[in-house]
Structure formats: C-alpha cells, structure tokens
Amino acid sequence: MAASGVHKYTNLKNESATLSGQGGYGAPPPQGGYPGGYPGGPPAGGYPGAGQPQGGYPGGGQPPPAGGYPGAPPAGGYQGGPPAGGYPGAPPAGGYPGAPPAGAYQGGGQPPPAGAYPPQGGAPPPAGSVPKYSGEMPDDDVMDDPNRAETQPTAPPMEKMDHIGGYNNVGFNANVLPPPSYEDATKMQPPTERQAIQNVPTITEQDAREALLSHVAEHCCYGKGAAEDLKFLDLKSTSAFHYTLETYGEGRSTSWAYEPYSGQLIDGPQNGTAPGPWDIQATPPTMFQNTEQNLEVPHTASVKPCHDCFSSGYVRCHRCFGRGRIRCVHCHGSGHVTRYHDGEHRHDRCHFCHGCGRRECYTCHGYGMVVCKTCMGHRNLKCYIKLTIKWTNHVNDHIVERTPLPDHLIRNVSGQIAFEETSPKVWPINHFHEQEINQASGHLISSHQFPSERMLMQRHRVRIVPVTQCLYKWKDTESDFFVYGFEHCCYAPNYPQTCCCGCSIL
C-alpha cells in the first residue's frame, strides 16, 4: 500500500510540473525591473518549464492563445497602415479618461517602454489563476510546521525611489526636521497685571471624621470603632501649592512610504513641485493634547513594480517552500500507522493522507505560491513621501508641601486655581507669596526648550490644595491622619485599629 502511495505522489509531481509550464510566471521584466533579482525570486530567464520566451511576456501576463487575441492585428500588421477608425480595440482619440496626459512621463515625455511596469490599474491577478511554483525547492519532503514564520513585507530599494526636490535625504526611516525660526513668540512682553490669589476653605471636625470613615470602609481589615470614637486634639489647616507648566509643540518628520496600488489617484511630480515639509498647513484637533497625523506630501507619488514578487502578485509559500505538499504529521510520511489490535501490531493505511504520506499544503492549497504580502496581490506599489506630524504636550510640575503628606498625592486631587495664563510664550511667575513657586516657575520655563519642535502655545497655573493634619487620641494611642483636596481624601498610615491574618483588632 505504501508503494502505491509513492507512485501517486510521483504522478502529482509530474502534473505539477506540467501545470507550471502552462500558467507559471516568467522572469522579471527586463526593463524597469531590479538588477540581480532578490532571494527567493525567479531565476534569470524564468522558471524551468515555464514555456515563455526569454524575458517573459509584457506586464507579467499569460502567453497569447493560439491564433492571437481577438481583435488583434494579423501577423505582419495591416497592409497600407491601420484601417479607418483605427485598429479594433484601440484606445479612443485623446486617450482613455483618467490616463496621464501627454508629456506627463519624465525622461522625454514618453510612456514607459514595452516590458516595463505598466500600472494596469493595480488589479490583482484574477481568481483561479494562481501560478504553480517551479523554482528552486527542497529535494526532500517538508515536515509541516504551523509556526513557521511567514514572509514579511519589505520596503522597496531606495535606488528605485524618485528624486524629489527638497527630499533628497529621505529614507524609509523617519527623518526629523528642525522647525523654522519662531521669533514672534520670543518677542512677547510679560503681562502687566495678574489676578489676585484667594483664600482656600478649611474643614471641620465632622468633615475630618467622615473622611476617615470613608477611608476605613475601603480597607476590609480596618475596624471603624476608632474612627467613630476618637477624640480630636487639633486640626492644623495648611495649603499645598502645585505649579504646572505645559508647552505644546509641533514636530514634523518625513519618510518614504508605500502601499498596494489598487488604482488610487497618483499625484506625481508631473503635477507640480512638492511643497516643503513646513509649508503644508495642518492644525491640531485639540490644544494641549498629544495627537499624531500622517499626510501624503503632494506631488511625490509614483507607481513601482512590487520588488518582493517581481510584479506577479505571488511569492513562494513559506510553509511548504514551493512544493505544494507537506509530509503528513500523523504518519510522519510513511503512509501507514501502527495500531495495537487483538494482541498484535497492525499497519493500517493512514486515513489523513490516504496512504500517500503527504498532504496538500494548508497555506497555498497545493500551488506552492501565496499572495504577496507587500502588494497584497496587486503587483504594483504606490510609493510616496509621508509627512508625520506629532503634536506633543510637554508637562512639568513642582509641588510645595510642608507636612509629612507625600507630595505625589497632591497631583491627583482638585484644588483652587489661584493663577493661570495661556500664551504663545509665558513669562515666569514673580508675584506669588511662596517664593519656591516663583523660583520653580523660572527654572521650568527656561528648561522648556525643544529644538526639534515648533512651539505653538504655553500654559502655566498654580493650584492651592487644602491639607489638614488631624491630631487625635483613641484609648491610649495618640496619632494623626491627613485630609487633603476638595474631595476630602484621607491619608492615615498610622490608623490604630487594623488587623490581618493571625492578628486581632485592638
């Protein structure tokens, strides 16, 4: 039974070779292609048995049927020139709608030469026309590995990219651009009047007790008896000051980008000169929020043949390496499995591969070729320069807090805004009664320099957050806790009535 399975596989290999000669893709285009080819690509002159002339057919298509295409001129052409009205099937006078105008092509105003990469509308190969792979492949059967890494898209070679004025140093990695001078912001004068600072409200003993009870309720191992029965000794109300500086900047970078060409609009250099990166108008959707936007630089697009599949739309299958079949994992390629039945070992034909020892590849379905991930089967790529705009809100702060309360707790609670200014360039605070805030303002403003970004707006504010240190006595224990913020948040690290595993409540 195993011998018949091997013979069946031999017939399938012969059938695969025959089909590859009928529908396989030939060599890459001789003009407009890439010199030397790429690893895994077809060899020079096309795959063996491809049945195509040297250099392949124009556009990477199929050979003409016997007798030529319907409507094509006869062999040798028409005598006496074309017939009245032109050849059958020829384009109308003036060209097809949407076609490039005369003179749109660079290099003399002529279209690409025959055999180069015509865009062809970016349509993928029709369904059912998947070619059989006939290039180099392993001699032995391939053991199936579902986790084998899939072929990843790669960027086109830089030497094939167009030369765009002002973008000569652009690659596929982001190129950060320094902003133009921004002298207007630095010439602004400091404000002559600033608003006064108001008093911050204080809390009562009842407010402090309720804040502590809420804190205790959030901890399953805390007893509420202490919070209910403690006696307040003193409430010391103070204020914490929170200074915040925000600088909203805009940074720009350029890089080459590509996407499958499926017939979308191509705005190329023939439509005009590409504008500079900082000449393109863009407005952030919301001020003081981090946002990123990608734009296509006008007049930089072009259509290029896919370099990974040589404009065929397909690449060799990464799972079977082009064989179209993989070794059966159930019988390990033997065509039979060993079973223990009635006290003896029996060799039965494998039901998964029907005794062949090999199965059709699940990824390519026996063709040995899969759709190219780079062009998604469209055979061509749209290449253009991408402008990336990042609006970044740079935030720094300084907290002045004189009690044992940790400073970072002040950031997350609300308080009274005592001072706030928004301007293209703010000036340091010099009128605040807490000198540490004045000094922090001057230091942070002088440090907010971002050479790679254009400063759009600055904003700084001072918040006054109420903090109350609550001194109390419960039984023989004297301790304290803190109530802070308008939310009356509580910080009580020394709460006397706690318990855990193996402990009892005091």
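Where a number appears in this text, it was derived from the coordinates with a stated rule and is not lab data. Please read all numbers here as calculations on a predicted model, not as lab measurements. Here Cβ is always computed from backbone atoms with ideal geometry, including for glycine, and neighbour counts include all displayed protein chains.
Taking a sphere under 12 Å around the Cβ of Asp229 and counting the other residues whose Cβ falls inside, with K and R at +1 and D and E at -1, yields a net charge of +4. Computed from the C-beta positions of Glu421 and Asn294, the FRET efficiency with R₀ = 25 Å rounds to 0.15. Based on Cα contacts under 8 Å between residues 6+ apart, segment 347-455 shows a relative contact order of 13 percent. Other residues within the sphere of radius under 14 Å centred on the Cβ of Cys372, judged by their own Cβ, net out at +1 (K and R +1, D and E -1).
Put a plus charge on the Cβ of each Lys and Arg, a minus charge on the Cβ of each Asp and Glu, and nothing anywhere else: the dipole of segment 257-350 about its Cα centre is then about 860 debye. Computed over neighbours whose Cβ is under 15 Å from that of Gly272, the net charge equals -4, Lys and Arg +1, Asp and Glu -1. For Glu259 and Asn147, a Förster radius of 22 Å and the Cβ-Cβ distance give a FRET efficiency of 0.20, rounded to the nearest 0.05. Normalised by the number of residues in segment 189-336, the average gap of Cα pairs under 8 Å and 6 or more apart makes the relative contact order 16 percent.
Each of the peptides 204-214, 278-288, 304-314, 371-381 was scored by the mean count of other Cβ atoms within 10 Å over its residues; in descending order, highest first, they stand as 304-314, 371-381, 204-214, 278-288.
The slack between Asn271 and His347, meaning 0.36 nm per residue of separation minus the straight C-alpha distance, is 20.1 nm.
Applying 1/(1 + (r/R0)^6) with R0 = 35 Å to the Cβ-Cβ distance of Asn494 and Thr392 gives a FRET efficiency near 0.25. The phi torsions of segment 280-297, fed into the Karplus equation with coefficients 6.51, -1.76 and 1.60 and a -60° offset, translate into couplings of 7, 6, 8, 10, x, x, 9, 6, 6, 10, 5, 9, 10, 9, 10, 10, 8, 5 Hz, rounded to whole numbers, with Gly and Pro shown as x.
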